[in-house]
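Every read-out reported here was derived from the displayed coordinates using simple, explicitly stated rules and does not represent laboratory data. The structure presented is a predicted model; accordingly, all values stated were derived computationally and were not measured. Neighbour counts are summed over all protein chains in view; Cβ atoms, including those assigned to glycine, are modelled from backbone coordinates with ideal geometry.
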Amino acid sequence: MPPIVEARDLTKVFRRPEKDPGLAGSLKHLVRRRFTDKVAVDHIDLSIEAGEAVAYVGPNGAGKSTTVKLLSGILVPTTGEVRIDGLHPQHDRTAIAHRIGVLFGQRTQLWWDLPVRESFAVLRDIYGLDAATYRKRLARFDEVLDLGEILPTLGRKLSLGQRMRADLAAAMLHGPRVVYLDEPTIGLDLQVKDKVREFFRTLRDEGTTVMLTSHDLADIEGFCRRLVIIDEGRIIFDGDLGAVKDQYARERILHVETEQPVPVEAVRLALPGAVITEGETPNQISVRFDRFVLTAGHAVTALAGLATLVDFRVDEPSIEDVIRRVYSGEILFDAKSA
Amino acid sequence: MGAYTAQARGVALGILEYRVNVLLGIVATLMQLVALLAVWQVLLADSPVQGFTWPQMQAYLLVTFACGALVSTNSDFRMAFRIQSGLVALDLVKPVDYQRSRFAEALGGLWLEVVLILIVVTSAAALLGGLTVPAGPALALFAISMLLVVPLKFLIVYVGTLACFWTQSYMGVQWARIAVMSLLSGALIPLAYLPGWLGTIAQWSPFAGLTSTPALIYIGRVGFGDGMMLVAVELGWVIVLWFGARLLWRAAVRQLTVNGG
Ligand SMILES: Nc1ncnc2c1ncn2[C@@H]1O[C@H](COP(=O)(O)OP(=O)(O)OP(=O)(O)O)[C@@H](O)[C@H]1O
Ligand SMILES: [Mg+2]
């Protein structure tokens, strides 16, 4: 089957007027127009198979939102092509509109001056949904997103969390096959984030293709299998999320609390290759190790032989740590995909 | 319900949220009406000027008021705001035509405007001691002309807001549009009072249909034949602007840059 989303050599250059500050600057600009070009998206190739959940991450200004706008046909690319389900975004705008859903976390598509229920009704008619399908979808969204008290509320009276939940439902109401979620958890509290993440999982499990952009990498852990990293408009990594973690997040830290003080030297002897640090009290100790050299079980057993364990816990680095190291240049991917 | 009916209904329901704004807007137009009535009463007290009698001028000003109130509520700000704030991005991923959607929204706001117009015109007629209503054919022509004001005004405002795609700010465009509109439409003064060359330009411009054409037909300044001609020009502009706006929209989308992340 051909990929449902396909971008070839996609580039977007923004022309920005170069203006000196103040009125004089504006007048000068009128006479002698100067522009600087900003390459927001730089020769991107990307193809997404139906049913995939792709995390699209990168630092601020990397070009994520611009990519989403190109892939949904909102912006016309400077060069390159986009195909959605084989269709051309500008030529087949209406057909594509039925296939895609778009959520920009920082904008709302709800009507400001109508109760959410009425906004949904307008969308129902815009997409030509029949009453039964509409009711069924709404009921299903309600289960996860808890829309009950939201539906009768005016768009402009919603809290951010309520608004985001309503917007998610609005973006999915027509049952699109592909959704682009651009920062769908921005500004949400933990509880709402959990709800929203659960909603993503139901989408994925129903076979919807999802492309998710977020700065909160907890959104993508356990949800996306594929990771795409963009920086300065270029894709610098495209591959399996688990593989990245295996390769770059191998470190584990075991924290143990013991009944008696532990002799650090004895631990070092018992666990060569691990880095041992003393904790705040003599009864605490931390063991840092590479999970391909040593297993957590092994370390615990060794420590149990030296002292009576009261408590222990293993910290894994998150994908967040890995990405942070990518942004800071500590990790460089040599090839484009791993 | 059809996609466009649904959008019109959305505005029709939501507009009550703005009733204070709508009311203030109408009050402003009403003030202008009262001021103009006072001025013309003095000017026309003794004898007609350029063939306008005082009762004719009363009717002219009432029609002007009605035309000014039609398609006036929020529609332009709504459209301009969508473009400036980048909300237009979300309109572009809907399976509907952008121009028809905005027109549907303008129609949705119409009911409140019509209600207010009826209230103002009937009470004004009562205060002024009754209005003369034109005879059958002229009345029909007047009705057609008033109906055409709706798409015509929508299109002029719509084309103005499309300028936001290039200018990124609406204030300047709006002021320019309002100034040109009130002068060339005959809302400020009847076109007969403009210098000859300007009057001719105005008469053939799309703006005449916004006020002058229905008003002149109503007061009987133009006969049936000339009236037909003016209405034909009005209709012609509606058609030209409808398709012209589409071309403009296509160009706008091609170079669209959506603001904000
Ligand atoms: N309409 C525009 N005009 C000019 N430059 C733009 C425009 N939109 C985006 N840019 C520039 O393009 C680059 C990419 O922007 P984009 O919004 O895609 O970044 P992003 O990865 O989504 O960032 P963030 O994480 O901050 O949302 C930025 O440098 C931005 O300044
Ligand atoms: Mg962004």
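Ordering A:193, B:153, A:28 by the number of other Cβ atoms within 10 Å of each residue's own Cβ, fewest first, gives A:28, A:193, B:153.
Mean separation of Cα pairs under 8 Å and 6 or more residues apart, divided by the residue count, gives chain B a relative contact order of 25 percent.
Only helical runs count toward this figure. For chain B, summing -39,500 (n - 2.57) over DSSP H runs of n ≥ 4 and dividing by all residues gives -23500 deg cm²/dmol at 222 nm. Where both bridge residues fall in chain A, DSSP classifies roughly 70% of the beta bridges as antiparallel. If you wrap the Cα atoms of the range B:2-255 in a convex hull and average its projected area over all directions, you get 14.3 nm². Which parts of the range A:184-203 would a label at residue A:216 reach, counting a residue when its backbone N lies under 13 Å from a point 7 Å out along Cα-to-Cβ? Answer for this model: A:184-200. Across the range A:191-233, the residues whose backbone nitrogen lies under 11 Å from the label position 7 Å along the beta-carbon direction of residue A:146 are A:191-196. Fewest-first ordering of A:45, A:130, A:167 by other beta carbons within 10 Å of each residue's beta carbon gives A:130, A:45, A:167.
Cβ crowding within 10 Å ranks B:81, B:243, B:103 as B:243, B:81, B:103, fewest other Cβ atoms first. Modelled spin labels at residue B:166 and residue A:247, positioned 7 Å past Cα toward Cβ, are 5.0 nm from each other.
For a modelled paramagnetic label at residue B:132, 7 Å from Cα along Cα-to-Cβ, the residues of the range B:7-45 in reach, with backbone nitrogen under 18 Å, are B:41, B:44-45. Taken residue by residue and averaged, Cβ atoms of other chains lying within 10 Å of the Cβ of B:92-100 number 6. Remark: the residue A:28-residue A:330 segment gains 104.3 nm on full extension, using 0.36 nm per residue and subtracting the alpha carbon distance. Here the relative contact order of chain A, from alpha carbon pairs under 8 Å that lie six or more residues apart, stands at 18 percent. In the range A:50-246, Rg over Rh equals 0.95, where Rg is the alpha-carbon radius of gyration and Rh the Kirkwood radius from pairwise Cα distances.
Here is what passes the span test in chain B: the DSSP H helices with alpha carbon length of 18 Å or more along the helix axis and a Kyte-Doolittle mean of -1.0 or above are B:19-43, B:54-69, B:110-127, B:136-162, B:171-184, B:224-254.
A dipole drawn for the range A:126-231 from +1 and -1 charges on Cβ atoms has a positive end, and of A:133, A:144, A:218 the residue lying farthest that way is A:133. With the helix formula -39500 (n - 2.57) applied to DSSP H stretches of n ≥ 4, chain A reaches a computed 222 nm mean residue ellipticity of -10000 deg cm²/dmol. Between 0 and 90 degrees, rounded to the nearest ten: what's the tilt of helix A:190-205 against the longest Cα principal axis of chain A? It works out to around 70 degrees. Dipole magnitude for the range A:237-333: computed about the Cα centre from +1 point charges on Lys and Arg Cβ and -1 point charges on Asp and Glu Cβ, it is near 200 debye. Between the listed residues B:172, B:136, B:244, the Cα displaced farthest toward the positive end of the dipole of the protein assembly as shown, a dipole computed from Cβ unit charges relative to the Cα centre, is found at B:136. Counting only DSSP beta bridges whose two residues both lie in the protein assembly as shown, roughly 70 percent are antiparallel. Based on C-alpha pairs under 8 angstrom that are at least 6 apart in sequence, the range A:79-197 has a relative contact order of 40 percent.
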